[in-house]
Amino acid sequence: MKLNENGVDHSKIPNSYVPFRNGIMLAIAGAVAEKESAIGIAIGVVEDDSSGYPDCREEFISTFEKSLYLGTKAGNIKIFRPLVNLQKSQIVSEAIKLKVPLYLTWSCYQQENKACGVCDSCRLRLNGFKIAGEKDPILYIN
Ligand SMILES: [Zn+2]
């Protein structure tokens, strides 16, 4: 196990990691939010059972929120992250309760017509549905 000084285990970061993706999206969204005088932005990161992506951690999001406070004229843009401390199965259960059209959601990093079912993102999604006792409504290759 190779931890960097921030406590991130680099050996657990999968090759599907996109360098600083959430940081880039939060920076752009923060700029738009300031221009539009919005009170905040939202992101659907999940820390507990995500793949170990460093930019899905509560610590990263809260630190980025401080950067938005310090780096914007508005100084009051919040980052809403309602899923960050939930398990995938809890998200599935809540989505079904709220009648979210889950057949319109997508997680696969490998395919665009049918999900592969084997990439990290598919495995996490399928496991969340399994633990929640629900059937994933999207199509899979296998
Ligand atoms: Zn996949």
inquiry  = Using a 10 Å cut-off around each Cβ, can you sort I39, I141 from fewest to most neighbouring Cβ atoms?
reply    = I39, I141
Shape call, region 60-142: gyration tensor on alpha carbons, a/c limit 1.5 = prolate
In degrees, nearest ten, helix 58-71 long axis to first principal axis of the chain (Cα) = 30
query = By counting other Cβ atoms within 10 Å of each Cβ, how are V45, V18, V118, V92 ranked from fewest to most?
reply = V18, V118, V45, V92
query = Can you give the Rg and Dmax of the chain based on its C-alpha atoms, in angstrom?
reply = 16.7, 51
inquiry  = Restricting to DSSP H runs of at least four residues, report the calculated mean residue ellipticity at 222 nm for the chain, -39500 (n - 2.57) per run over all residues, nearest 500 deg cm²/dmol.
reply    = -11500 deg cm²/dmol
query = Got a sec to turn the phi values of region 96-101 into Karplus ³J(HN,Hα) couplings, 6.51 cos²θ - 1.76 cosθ + 1.60 with θ = phi - 60°, whole Hz, x for Gly and Pro?
reply = 5, 4, 8, 6, 5, x
key: Cα-centred dipole magnitude for region 87-142, charges only on beta-carbon of K, R (+1) and D, E (-1), debye, nearest 20   = 120
Given K78/K99; K12/K99; K66/K88; K78/K135; K35/K78; K88/K135, the pairs whose alpha carbons are separated by over 25 Å = K78/K99; K12/K99; K66/K88; K78/K135
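Just so you know, all these numbers are worked out from the coordinates, no wet-lab data involved. Since the structure is predicted, the reported quantities are computational estimates derived from the model, not experimental observations. Please note: Cβ atoms are built from the backbone with ideal geometry, for glycine as well, and neighbour counts cover all protein chains shown.
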